[in-house]
Amino acid sequence: MIAGVPVTDDKLTPMLPSLDDLAPARRPLDQAAGLPPSMYHEPAVFELERELVFARSWVAVARHDQLATTGSFVTAEIADEPVVVVRDSTGALHAYPNVCRHRGITIVEGAGTARALQCPYHLWTWSLDGRLVGAPQMDRTAGFDPAAECLTELAVAEWQGFVLVNLDPTAPAFDATVPGLTQRCEPHDVATLVRGPSAHYDSAFNWKIQVENFIESYHHAGVHPETLQTTYPGQHSFVEHEGDEPWSWLDHVSVVDGFDPFAVPIVYPTLGFVIVRGLGGYWFDMRPIDATHTSLDIVTLVPPDAPAEIGELLLESAVHVNDEDVAINERTQRGLGSRFAVAGRVSHLEQACWSFRRWLIDRLEPGLA
Ligand SMILES: [Fe+2]
C-alpha cells in the first residue's frame, strides 16, 4: 500500500458510519472535525435520517398567512409521509395524514380552501376537524362505523408565524423545546411577517450541505466576495446558541452605513429563516428529496403593509447570493463523493454547523453501532 492512499471497498459495500466514526464531530468545538463524507451521499444514512430525524422532528410546512381562513389547507411531505394541515371553523389548526381511509389515495393535493376534506375517488368526506361525515354506499357494509374513521390527529404547532408538524405522537410541544430562541426572536416581530415573492431551487446535493452552507458565514470571503463579504464580513459573524436547545442563531454586523444587520436562526433540522432588521426576512424552506437531492424555496417575509418593492428587493438579493451558494454546494457534493474526502477540521466561525452535527448524531445514535 502506498502511504497516504486509502484502500477501501466502501464504494462496493455501502455502510452506515459507526459511532466511532462520528466521535470527532462530537468533540468540543476547537477539537472537532466534521461528519464523515459518507454522511452526505450514502442512501442508508438518508433512510436512517428519514426515520430518526424527520419522522420525529418538528418540520415547518407553511406560514400563517397560507392558513388564515376557515378551510384553508396546505399539503406537504414529511419523511415521505403525505400530510395535510387545515384550519377549522373555530380557528384551530389540524394536521392529518393526507391518506384516504378507504383506498389510500391522497385526499387533497397542493393548497387551497375547502369546506371539507373530500377524497375525489369515492367521495368519502371528512369535516375540517377530522370526522367522517360522508361515505356513500357504505350502508350495507357490516359494522361500518363512521365514528371510527376519523382522520388521525398529528402534532401541529404555530410559532413565529411558522406552522410546524411532528409525526411523532410522543414529541414534546414545540414551544417547550426552543424557549431561548423564542425570547431572541421577540424584538423582531417575526410572527406577523407574511409571504412575499419566492424562488424555487431543485438542487443536486444532500440536505445537510444546504443546511451547513446556510448556517455559517465563514464562506462569505470565498463565495460572496462582491456581495455579502463587502457589507457583512464573514470574520465578524458570530453564533449564539443555548445549552441543549435544538437551534442556533448566526448573527452579522454591517460594516457599511445604511445596511441593516441580519441574523440567521435555524431550528434543527431544517427550519431556517433570516431576519433582516428593519425590512423583513426570509424563510429558507429546505426539504430533503433523497441522499443527494434537496429542494429549497426562498420565501421572502415582509410586513403585511409593506409595498411590493420590498419583497422584490429582498428576493433579488437572495437569489443573487443563493446562485453563488448553489454552485459551491454542488461542488461540495462532488468532492465529498471522493474516496479521498475527509471529515475536515472546524473553524470557530462554523459553530452552528458543529452544534447542528452534534444534535444530528444524538438523533441517529439509536440506529448506529
Ligand atoms: Fe453563502
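Okay, here's what the table says:
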{"read-out": "All positions within the range 334-353 that are surrounded by fewer than 19 Cβ atoms within 10 Å (Cβ to Cβ), part of a helix (DSSP H, G or I) and not charged (D, E, K, R)", "value": "GLY335, HIS348"}
{"read-out": "From ARG195, ARG131, ARG115, residue being away from the ligand (no atom under 16 Å from the Cβ) and within 20 Å of the chain's Cα centre (by Cα)", "value": "ARG195"}
{"read-out": "Test: GLY311 is assigned to a helix (DSSP H, G or I), more than 23 Å from the chain's Cα centre (by Cα) and either surrounded by 15 or more Cβ atoms within 10 Å (Cβ to Cβ) or away from the ligand (no atom under 16 Å from the Cβ) (or both)", "value": "no"}
{"read-out": "Test: residue in the range 153-165 that is of a type in the set (S, T, N, Q) and closer than 24 Å to THR90 by Cα", "value": "yes"}
{"read-out": "Cβ-Cβ under 7 Å pairs, at least 6 apart or on other chains, the range 144-155 side touching a residue at least 60 places away in the same chain (Cβ under 8 Å), far side crowded, with 16+ Cβ neighbours inside 10 Å and of a type in the set (Ser, Thr, Tyr)", "value": "LEU154/TYR96"}
{"read-out": "Only one of ILE266, ILE298 that is more than 20 Å from PHE54 (Cβ to Cβ), assigned by TED's automatic domain parsing to the domain that holds ARG357 and within 16 Å of the ligand (Cβ to nearest atom)", "value": "ILE298"}
{"read-out": "Residues satisfying the stated conditions in the range 73-101, i.e. in contact with a helix residue (DSSP H, G or I) (Cβ under 7 Å, 6 or more places away or on another chain) and closer than 28 Å to THR294 by Cα", "value": "VAL74, ILE78, ALA79, ASP80, VAL85, LEU93"}
{"read-out": "Qualifying positions in the range 35-58 - hydroxyl-bearing (Ser, Thr, Tyr) and part of a loop (DSSP other than H, G, I, E, B)", "value": "SER57"}
{"read-out": "Verdict on SER317 being more than 28 Å from VAL178 (Cα to Cα) and either within 16 Å of the ligand (Cβ to nearest atom) or hydroxyl-bearing (Ser, Thr, Tyr) (or both)", "value": "yes"}
{"read-out": "Given (1) surrounded by 15 or more Cβ atoms within 10 Å (Cβ to Cβ); (2) of a type outside the set (Phe, Trp, Tyr); (3) within 16 Å of the ligand (Cβ to nearest atom); (4) over 16 Å from HIS220 (Cβ atoms), number of the condition HIS252 does not satisfy", "value": "(4)"}
{"read-out": "From GLU245, GLU226, GLU216, residue being in the same structural domain as GLU350 (by TED's automatic domain parsing) and within 12 Å of the ligand (Cβ to nearest atom)", "value": "GLU216"}
{"read-out": "ILE209 vs. criteria under 30 Å from ASP290 (Cα atoms), among the β-branched types (Val, Ile, Thr), within 11 Å of the ligand (Cβ to nearest atom) and touching a residue at least 12 places away in the same chain (Cβ under 8 Å)", "value": "no"}
{"read-out": "Checklist (1) part of a loop (DSSP other than H, G, I, E, B); (2) within 15 Å of ARG195 (Cβ to Cβ); (3) within 14 Å of the chain's Cα centre (by Cα) applied to VAL299, failing item", "value": "(1)"}
{"read-out": "Residue check for ALA221: more than 15 Å from the ligand (Cβ to nearest atom), in the same structural domain as ASP325 (by TED's automatic domain parsing) and either of a type in the set (Lys, Arg) or surrounded by fewer than 21 Cβ atoms within 10 Å (Cβ to Cβ) (or both)", "value": "no"}
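For (1) assigned to a helix (DSSP H, G or I); (2) under 30 Å from MET286 (Cα atoms), each residue gets a yes or a no:
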| residue | (1), (2) |
| --- | --- |
| VAL84 | no, yes |
| ILE107 | no, yes |
| ASP139 | no, no |
| LEU151 | no, yes |
| GLU158 | no, yes |
| VAL165 | no, yes |
| ASP168 | no, yes |
| LEU181 | yes, yes |
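The values are calculated or read from the model by the stated rules, or taken from the named source; none is laboratory data. Since the model is a prediction, treat every value here as computed from it, not as a measurement. Cβ atoms come from the backbone with ideal geometry, glycine included; neighbour counts cover every protein chain shown.
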